[in-house]
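The values are calculated or read from the model by the stated rules, or taken from the named source; none is laboratory data. Everything numeric here is computed off the predicted structure, so don't read it as measured data. With ideal geometry, Cβ positions are generated from the backbone for all residues, glycine too; neighbour counts draw on all protein chains shown. Note: accessible area is taken over every heavy atom of the protein model, side chains too, but ligands, DNA and RNA are not part of it. Shrake-Rupley method; radii C 1.70, N 1.55, O 1.52, S 1.80 Å.
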Amino acid sequence: MAEHRRGANLPSIGGFNRTVVLDAVRRSPDGLSRVELAGRTGLSAQTVSNVTRFLIEAGMIVESGTVVSGRGKPRTILRLEPGSRFAVGVHIDPAVVTYVLLDLAGTVVASTTTSTPTADDPEQVVRTMASAVEDLVRTSDVDADAVLGVGIASPGPIDVDAGIVLDPPFLPRWKDVPLRDALAEATGHPVLLEKDVTAAAVGEMFLAGESSARNFAFVYFGTGFGVGLVVDHEPVRGTGGNAGDAGHIMVEQGPFAGTPDGQGDRGEVGAAVAPERIVRIAASRGLDLGDVTDLGSVDRAWDAFAAAIDAGDPTALELAAEAGTVMGRAAVVIVNLLDIDRVVFGGPFWSRVAAAALPAARAAITESPILVPKHPVTVVETDRGADVAAVGAACLVLDAALSPRASALLIRR
């Protein structure tokens, strides 16, 4: 059985107790009785009764049938009411901005995309994004008051404290964009800003429910390469919120070495598996993927590359497997460093090549001669799809609102 956070019975922390109870109900799809809630949370029966009454009145949980367990009165089952609250997630990518609307259970209710603004005019960026958020909520027939907030997943580096996108390498005109506070003012919703790899890891952790792993690495393959980390059920953000830059890990590149761009036998994983590089190598080996002139054309070429994989083209299959192998070798460094037992692969460019890349990545990790941990290491891909960063961004909001934090117990003066 999954470990559940324990509550407390002090009257001054009612808000914490509510999140403890709500988190327990959320992680139990079949529902829980009040007696089971008391057992799982460590709260008294009276506290559970008071908290559940509040959550029912708020519409966040509902009574749903009864069960008979032994002698005595049948127990009423409490379940989450997914449609009572929502969260918006936004993923800023060099080519497109993706918007998703999630309900309380983390199910995607609606999604849309817009082309990425150039950020020459930061105010226009905010207007464009605010309009897209408002349209997404309105066309989904969701009450704006039921939206808990907006999460933004952005390439780093970012200034989390100030809410500023600083200078992402693939977004050259996005420099010092004060996105968080400006978007909050424009939409009227609370806004959280997070690095994309961290947002993806938070989404994976939040949506895993009872099966949530305590420690794992999320290998994020997008325009760049990064690794989001969760240790002891907490995302690793680092001092400035920019943890996860893993592209400079040096790895043996194997068959990737000696290709037309002159890479040697050993090099940085980020450069080795850059989608633009892979499609150029593919073109040099005879695949027709069209002209690659900018990020948009790289994305289209990647679609063609993925189609070639699906069609069984040996060159495409070999290149995707080589990329998976290189990423797996980089992940071994993380596994050794943190002694984790789970690696999850995902990201906008990953999902299209996963069929060929995942088996190779898994073999590179589990069969690595330099793998230190002796326990089994599970290697999987996320089931959040290509929109994993946007979904993760929305989960930032849900996690902040619904997951109990020990810091909530601190007395602030």
Verdict on Arg352 being of a type in the set (Lys, Arg), within 28 Å of Ala110 (Cα to Cα) and touching a residue at least 12 places away in the same chain (Cβ under 8 Å): yes
Residue that is at pLDDT below 95 and either open to solvent by less than 50 Å² (accessible area, probe 1.4 Å) or over 27 Å from Ala301 (Cα atoms) (or both), where the choices are Phe206, Phe221: Phe206
Residue that is farthest from the chain's Cα centre (by Cα), among those in the stretch 297-311 that are open to solvent by less than 40 Å² (accessible area, probe 1.4 Å) and modelled with pLDDT of 95 or more: Ala308
Single condition Asp120 does not satisfy, out of (1) outside any helix (DSSP H, G or I); (2) in contact with a strand residue (DSSP E or B) (Cβ under 7 Å, 6 or more places away or on another chain); (3) under 20 Å from Arg180 (Cα atoms): (2)
Pair list, Cβ < 6 Å and 6+ apart or interchain, from the stretch 189-203 residues that are at positive phi and in a helix (DSSP H, G or I) to residues that are buried (at least 24 other Cβ atoms within 10 Å of the Cβ) and modelled with pLDDT of 95 or more: none
Index of the failed condition, Val332 passing every other in (1) open to solvent by 30 Å² or more (accessible area, probe 1.4 Å); (2) at pLDDT 95 or above: (1)
The stretch 60-84: number of residues that are closer than 30 Å to Leu101 by Cα and at pLDDT below 90: 2
Residues located in the stretch 363-379, provided they are in contact with a strand residue (DSSP E or B) (Cβ under 6 Å, 6 or more places away or on another chain) and open to solvent by less than 40 Å² (accessible area, probe 1.4 Å): Ile365, Val379
Hits in the stretch 153-188 (condition: part of a helix (DSSP H, G or I) and open to solvent by 60 Å² or more (accessible area, probe 1.4 Å)): Asp181, Glu185
Tally of residues being without any contact (Cβ under 8 Å) to a residue 24 or more places away in the chain and either among the aliphatic types (A, V, I, L, M) or open to solvent by less than 20 Å² (accessible area, probe 1.4 Å) (or both) across the stretch 105-152: 0
Selection within the stretch 39-89 - part of a loop (DSSP other than H, G, I, E, B), open to solvent by 50 Å² or more (accessible area, probe 1.4 Å) and either among the small types (Gly, Ala, Ser) or in contact with a Lys or Arg (Cβ under 7 Å, 6 or more places away or on another chain) (or both): Ser69, Gly70, Gly72
Residues of the stretch 204-250 that turn out to be assigned to a loop (DSSP other than H, G, I, E, B) and not β-branched (Val, Ile, Thr), as a count: 19
Identity of the residue in the stretch 232-258, open to solvent by 60 Å² or more (accessible area, probe 1.4 Å) and at pLDDT 80 or above, that ends up farthest from the chain's Cα centre (by Cα): Glu252
Some residue of the stretch 259-272 being surrounded by fewer than 15 Cβ atoms within 10 Å (Cβ to Cβ), charged (D, E, K, R) and either in contact with a helix residue (DSSP H, G or I) (Cβ under 7 Å, 6 or more places away or on another chain) or assigned to a helix (DSSP H, G or I) (or both): yes
Selected residue (only one of Leu317, Leu229 is of a type in the set (A, V, I, L, M, F, W, C), under 29 Å from the mean Cα position of the chain (by Cα), open to solvent by 60 Å² or more (accessible area, probe 1.4 Å) and at pLDDT 95 or above): Leu317
